[in-house]
Amino acid sequence: MTGSSDPCRAYLVISPGRNEAQYMRRTFDSVVAQTERPARWIIVDDGSTDESPEILAEYAARHDWINVIRREDRGHRAVGPGVIDAFYAGLDLVSLTDYTYLCKLDLDLDLPRGYFAGLMDRMEADPRVGTCSGKAYFKDRAGRSISEGIGDDVSLGMTKFYRTPCFRQIGGFVREVMWDGIDCHKARMLGWKAVSWRDPELEFEHLRPMGSSQQNIYAGRRRHGRGQYFMGTDPLYFLATAVNRMRYRPYLLGGLATLQGYLGAWWRGEAQLPDPELRAFIRAYQREVLWRGKARTVVRIEAERAAVWSGG
């Protein structure tokens, strides 16, 4: 497969990863098989100690549009700020002006062949879509595909696809947990649309369970709760989402771990997102969602914020 001959569809992919040997071949094979491949794919090996370096070297030798850079071993798989630090180590090597689109892609995904082409088609149809993705599914023990249940108002963190003017306008990613929610709220505040589409052609498999951690899934849920506090999430809205999370394994204990993360950060007086205007926008959005519903709230806000959208 070759990249698009249309320079307006040139896209850059950056993949931070550490010790992903168990999954990365499926990710590589699914990207190589895309109907429109990336103009360039930079993989940032964040100090892997497994077979990842050998696998990365193998694919980079086969494809001249794949580049690998190596960072020193930090001693553990870092999430949140560590992932974004690695992402920027790759982004610093290029000029965004050379690309129409930018994707932050994890190395534990299996994408359908038309995934990136489908995203670009939809973004070309609506110039206000600034960031988007498909929907993630994982396999349960019986081999059934289970939705990860992420709302339609965000692009998924494991495959953030951005129009580069939008990425520049929001100031890129914050280097903190919940970076993948904060960015969508900032984009919407500036008049862009953030969306994930529920379309069979854009469904992909997430090979590592969402919300897991280098420690365990409970540490991942506590981290999520702490991140919600950092973002400035309204307490009542957070309680509602924590209860909703109890529908998924590990059910009650997972929801309680999420609450523990949020309340622990509040009790310790941890710092919050240093953007009071954005925090206020997020809380107002969340409170409206509680009484109007998410779909109606998004429609109203997108109509209201159209006046501030500049398009880059």
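Readers should treat all values here as calculations from the given coordinates under stated rules, not as data from a laboratory. Being a predicted model, the structure only gives us computed values, none of them experimental. Note that we place each Cβ from the backbone using ideal geometry, even for glycine, and neighbour counts take in every protein chain shown.
Among the chymotrypsin sites (Phe, Trp or Tyr not before Pro) in the stretch 31-74, those placed in a DSSP loop whose Cβ has at most 16 other Cβ atoms within 10 Å are Trp65. In this simple spin-label model, placing a label point 7 Å from the Cα along the Cα-to-Cβ direction at both Tyr248 and Gln272 gives a separation of 2.5 nm. Per residue, the average separation of C-alpha pairs within less than 8 Å and at least 6 apart gives the stretch 212-301 a relative contact order of 35 percent.
Please work out how much length the chain gains when fully extended from Ala280 to Glu54, using 0.36 nm per residue of separation minus the C-alpha to C-alpha distance, in nm with one decimal.
Numbers: separation 226, 0.36 × 226 = 81.36 nm, distance 4.69 nm.
Between Ala280 and Glu54, full extension yields an extra 76.7 nm.
Grouping the Cα pair distances of the stretch 38-117 into 10 Å bins from zero gives a pair-distance distribution of 15, 49, 33, 3 percent in increasing distance order.
The orientation-averaged projected area of the convex hull spanned by the Cα atoms of the chain comes to 15.6 nm².
With the simple spin-label model, which puts each label point 7 Å out from Cα in the Cβ direction, the Arg128 to Ala61 separation comes to 5.1 nm. What translational diffusion coefficient, in µm²/s and rounded to a whole number, does the Stokes-Einstein relation yield for the stretch 160-312 at 20 °C and a viscosity of 1.002 mPa s, taking the hydrodynamic radius as the Kirkwood radius over Cα pairs? The calculation lands on 128 µm²/s. The stretch 146-179 and the stretch 38-52 have their alpha-carbon centroids 20 Å apart.
The count of lysine pairs in the chain with alpha-carbon distances below 22 Å, taking only pairs 8 or more places apart or on different chains, stands at 14. Estimated from helical segments only, the mean residue ellipticity of the chain at 222 nm is -13000 deg cm²/dmol, where each DSSP H run of four or more residues counts as -39500 (n - 2.57).
Shown in residue order for the stretch 159-169 are the 3J(HN,Hα) couplings computed by the Karplus curve 6.51 cos²θ - 1.76 cosθ + 1.60 at θ = phi - 60°: 8, 6, 10, 10, 6, 4, x, 5, 4, 5, 5 Hz (x for Gly and Pro). Along the chain, the longest continuous region that contains none of the trypsin sites (Lys or Arg not before Pro) in a DSSP loop with at most 15 other C-beta atoms within 10 Å is 1-73.
Could you work out the local net charge near Thr297, counting Lys and Arg as +1, Asp and Glu as -1, over the other residues with Cβ closer than 9 Å to its Cβ? Taking every Cβ under 9 Å from that of Thr297, the sum is +2.
In this structure the amide hydrogen of Glu203, modeled in the peptide plane, comes within under 5 Å of the amide hydrogens of Lys135, none closer than 5 places in sequence on its chain. Taking amide hydrogens as placed 1.01 Å from N in the peptide plane, the amide H of Lys193 sits under 5 Å from those of Val129, Gly130, Thr131, each at least 5 positions away in sequence or on another chain.
Which shape class applies to the stretch 212-301: rounded if a/c is under 1.5, otherwise prolate when a/b exceeds b/c and oblate if not, where a ≥ b ≥ c are the square roots of the Cα gyration tensor eigenvalues?
Numbers: a/c = 2.35, a/b = 1.33, b/c = 1.77.
Verdict is oblate for the stretch 212-301.
Comparing Gly269, Gly220, Gly17 in a Gaussian network model of the chain (Cα springs below 10 Å), the most mobile by mean-square fluctuation is Gly269. Each residue, Leu263 and Glu304, gets one label point 7 Å from its Cα in the Cβ direction; the gap between the two is 3.2 nm. If you look at the Cα atoms of the stretch 101-203, you get an Rg and a Dmax of 13.5, 44 Å.
With an 8 Å cut-off on Cα pairs and a minimum separation of 6 or more residues, tell me the relative contact order of the chain in percent. Walk me through the numbers before you get to the answer.
Working: 572 pairs, mean separation 52.7, N = 312.
Relative contact order here is 17 percent.
In the chain, what % of DSSP beta bridges are antiparallel (nearest 5)? Display every interim value, and only then the final one.
Values: 12 of 36 bridges.
Of all bridge pairs located within the chain, approximately 35 percent are antiparallel.
FRET efficiency for Asp140 and Trp291, Cβ-Cβ distance as r, R0 = 25 Å, nearest 0.05?
Details: r = 34 Å, r/R0 = 1.36.
My answer for the efficiency is 0.15.
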